[in-house]
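Read-outs throughout are calculated quantities, based only on the coordinates presented, and are distinct from any laboratory measurement. Please read all numbers here as calculations on a predicted model, not as lab measurements. Every residue, glycine as well, gets a Cβ built from its backbone with ideal geometry; the counts of neighbours run over all protein chains shown.
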Amino acid sequence: MTTENVMSTVIDGKAFAAKVRSRIAAQVAEIKKQGVTPGLAVVLVGEDPASQVYVRNKGKQTIEAGMQSFEHKLDASTSQADLMALVDQLNNDDSVHGILVQLPLPDHIDEEVVLNSINFDKDVDGFHLTNVGRLSIGAEGIVPCTPLGSIMMLKDHLGDLSGLNAVVVGRSNIVGKPMAALLLQENCTVTIAHSRTKDLPEVCKAADIVIAAVGRPEMVKGDWIKPGATVIDVGINRLDSGDGKTRLVGDVDYAGASSVAGAITPVPGGVGPMTIACLLHNTMQQCCRLNGLEIPQA
Ligand code: GUN
């Protein structure tokens, strides 16, 4: 799903995500005929405004895909023990095939302990250590949504990624590391760069594929990009636009990079919409696995 621009091709994540969601909706309709409805439970602790928006969008798109959505909103003062009791209840609920605990959690809760208490076959975020390990050895498991959406867009745009040089800027557990593992599975030559990398512009300039996932607004500049390279911008940064409003920018200086890259994802409308589409994909996949069913071809 791409549109030509005078400069580079803009990879339209919004259109691609809509296509993925409609395929999933068709699969859900098929599996419902076998008496199974995929169910996704989302747990929100506290009232972080950005998290509230994400959770609302997840619930809406889950229902639009024909799945069951279970939303659990807990007070910010909820104890770790109470949160884990809820996770345990969801682990044992056969109508729930995916569990997502929205991050960040309040400071008094140990995120790692909570995430690892989720049944790893319902861990649709792919954050459980078992799924992290499975991905690192290339075994079948659950892949984190943002890297999965990014690799889907890359393959849709470039086809075979074998032998390409890929640079991932950022080494987070949520994006950078799983992204590198997925690129390696696609036979790319992968470099993980980060804040201590020497000559970062030169490292990026050697890449056929640049994944920007550092969380710093517009850090990756146009003259860091090899002409014709494909740029995937995972960043979502809210900048004050001076008139009391905010605007969203990525980790890439879009104006600069889009005059050099062969193809680039915009922010908003690039990787962002693919994340929820992949959450629905993971929920559908796990619903089939948990019920011993084939994923319907739809
Ligand atoms: N907070 C921001 N992004 C995510 C995500 O992908 N998963 C979860 N669980 N929390 C988030």
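Data overview
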| read-out | value |
| --- | --- |
| In the range 168-191, the residues that are over 18 Å from the mean Cα position of the chain (by Cα) and in a strand (DSSP E or B) | Thr189, Val190, Thr191 |
| Condition met for Asp123 (crowded, with 21+ Cβ neighbours inside 10 Å, touching a residue at least 12 places away in the same chain (Cβ under 8 Å) and of a type in the set (Asp, Glu)) | yes |
| Condition check for Asn119: polar (S, T, N, Q), closer than 22 Å to Met284 by Cβ and either within 13 Å of the ligand (Cβ to nearest atom) or touching a helix residue (DSSP H, G or I) at 6+ places or on another chain (Cβ under 8 Å) (or both) | yes |
| Subset of the range 136-169 that is within 25 Å of Asp123 (Cα to Cα) and in contact with a Phe, Trp or Tyr (Cβ under 9 Å, 6 or more places away or on another chain) - its residue that is nearest to the ligand (Cβ to nearest atom) | Pro144 |
| The lone exception for Asp125 - which of (1) in a helix (DSSP H, G or I); (2) within 16 Å of the ligand (Cβ to nearest atom); (3) within 17 Å of the chain's Cα centre (by Cα); (4) among the acidic types (Asp, Glu) it fails | (1) |
| In the range 257-295, the residues that are assigned to a helix (DSSP H, G or I) and closer than 18 Å to Cys204 by Cβ | Ala257, Val271 |
| Matching residues, the range 88-102, being more than 16 Å from the ligand (Cβ to nearest atom) and either in a strand (DSSP E or B) or exposed (fewer than 14 other Cβ atoms within 10 Å of the Cβ) (or both) | Asp88, Gln89, Asn92, Asp94, Ser95 |
| Output for the range 214-250, where each listed residue is among the hydrophobic types (A, V, I, L, M, F, W, C) and over 17 Å from Pro273 (Cα atoms) | Val214, Met219, Val220, Trp224, Ile225, Ala229, Leu239 |
| Tally of residues being in a helix (DSSP H, G or I) and either without any contact (Cβ under 8 Å) to a residue 24 or more places away in the chain or among the aliphatic types (A, V, I, L, M) (or both) across the range 211-256 | 1 |
| Identity of the residue in the range 126-161, surrounded by fewer than 21 Cβ atoms within 10 Å (Cβ to Cβ) and touching a residue at least 60 places away in the same chain (Cβ under 8 Å), that ends up nearest to Ile264 (Cα to Cα) | His157 |
| Residue list for the range 190-210, restricted to those being buried (at least 21 other Cβ atoms within 10 Å of the Cβ) and closer than 14 Å to Asp251 by Cβ | Ala193, Cys204, Val210 |
| Pair list, Cβ < 7 Å and 6+ apart or interchain, from the range 162-181 residues that are farther than 15 Å from Ile225 by Cα to residues that are of a type outside the set (S, T, N, Q) and in a helix (DSSP H, G or I) | Gly170/Gly176; Arg171/Lys177; Val175/Pro147; Pro178/Leu135; Pro178/Pro147; Met179/Pro147; Ala181/Leu135 |
| Residues satisfying the stated conditions in the range 63-87, i.e. of a type in the set (Ser, Thr, Tyr) and either within 14 Å of the ligand (Cβ to nearest atom) or assigned to a loop (DSSP other than H, G, I, E, B) (or both) | Ser77, Thr78, Ser79 |
